[in-house]
Amino acid sequence: MHFVEDFYIKKDAIFIADSHFKMGEMARFMALSAIKDTQVFLMGDIFHVLMGNLKQSIKENLSLLHILKELSLKNEVYYLAGNHDMHLKCIEELSNIRLFSHASQPLVLKDYKGDICILAHGDLWINKGYDLYAWAMSSVISGYCLGFLDKITLGKLYKRIRKKVYLKPIIRMPFSEERLKSFARYRVELYKKRIFSMVLKHYLAPKDSKFCIIEGHFHLNRIYNFDNVKYVGLDAFYFEGEPFAYN
């Protein structure tokens, strides 16, 4: 968890999650070039496979990396790493973007109304096995190890990783509306259990303070209100190519 004190979420800030860019699939990203003077949050898995410590991975994703670079020159851009994009600080094209590693999430900050907001890619507290995998893959040590192994295998390691990831389909949750709402409530309860008490203590805030949780990963495309908590399950930009505007 990371408390952000030097910026807040502005009205009409744009959130983009789970676009899962693959080499050559540029059509839905071209509209990003027109965004100007806006606060933009990239909420992870913007690329289907981006490993910033592997040269071939950067090369294959350069077309979108260049668009993000241009976006950052005209806007205030923040990028939360997902489980498909990691070791982002190694990438020169992202040098003007404020980057947040997987390990630093969730981010906790205020919005323009003074409400408490919690941001994350979304793949937090899945299960012990997955949590360990996510931590290991995003760690500095694993970055060095993967880079070394990819180098001595002449790029074959990255190709194997990419092939495996590409085999998994990108889908929305095939749940009924009732089950989607139940899942969202479950996610809210996890946040409450894991961090709410620490957040309230940090801000010296009362228990009935308003919260807004925004996360991707699950491709929910749903917004729910549970008492004092607003839960925004972002849609995958991969499907409709539409960002979420905060208000």
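The values are calculated or read from the model by the stated rules, or taken from the named source; none is laboratory data. These numbers were taken from a predicted model, which means no experiment stands behind them. A quick note on method: Cβ atoms are made from the backbone with ideal geometry, for glycine too, and the neighbour counts reach across all protein chains shown. The area values use the complete protein model at the heavy-atom level, side chains included, leaving out ligands, DNA and RNA. Shrake-Rupley method; radii C 1.70, N 1.55, O 1.52, S 1.80 Å.
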Original post:
Expressed as a rounded percentage, what relative contact order does region 105-247 have, with Cα pairs under 8 Å and six or more residues apart?
Top reply: 25
Original post:
Setting aside same-chain residues fewer than 8 positions from residue 164, which lysines have a Cα under 20 Å from its Cα?
Top reply: 22, 55, 59, 151, 156
Original post:
What FRET efficiency would be calculated for the residue pair residue 110, residue 167, taking the C-beta separation as r and a Förster radius of 35 Å, to the nearest 0.05?
Top reply: 0.25
Original post:
Convex hull over the Cα atoms of region 124-170, averaged projected area in nm²?
Top reply: 4.0
**OP:** State the Cα centre-to-centre distance between region 161-211 and region 15-81 in whole Å.
**Re:** 23
Original post:
Hey, which of these cross-link pairs are over 28 Å Cα-Cα: 74/110; 74/168; 110/193; 128/193; 36/163?
Top reply: 74/168; 36/163
Original post:
Under a 1.4 angstrom probe, counting protein chains only, how are 33, 57 ranked by accessible area, largest first?
Top reply: 33, 57
Original post:
Expressed as a whole number of Å, what is the distance separating the alpha-carbon centroids of region 92-157 and region 219-237?
Top reply: 22
Original post:
Can you give the charge dipole size of the chain about its Cα centre, rounded to the nearest 20 debye, using +1 on the beta carbon of Lys and Arg and -1 on the beta carbon of Asp and Glu?
Top reply: 680
Original post:
Quick one: helix 140-152 against the long Cα principal axis of the chain, what's the angle to the nearest 10°, folded into 0 to 90?
Top reply: 20
Subject >> For the chain: relative contact order, % (alpha-carbon pairs under 8 angstrom, 6 or more apart) >> reply: 25
Original post:
If you add up the charges near residue 241, with Lys and Arg at +1 and Asp and Glu at -1, over every other residue whose beta carbon is less than 15 angstrom from its beta carbon, what do you get?
Top reply: -3
Subject >> Solvent-accessible area, 1.4 Å probe, carbon plus sulfur percent, for the chain >> reply: 57
**OP:** With runs of 4+ DSSP H residues as the only contributors, calculate the mean residue ellipticity of the chain at 222 nm using -39,500 (n - 2.57) per run, divided by the residue total and rounded to the nearest 500.
**Re:** -9500 deg cm²/dmol
Original post:
Under a 1.4 Å probe, what is the accessible area of the chain per residue, stated in Å²?
Top reply: 52
Original post:
Which of the GluC sites (Glu not before Pro) found in region 1-65 are in a DSSP loop and have at most 10 neighbouring Cβ atoms, other than their own, within 10 Å?
Top reply: 5
Subject >> Within straight-line cross-link reach of residue 181, lysines at Cα separation under 17 Å, skipping those fewer than 8 residues along the same chain >> reply: 192, 230
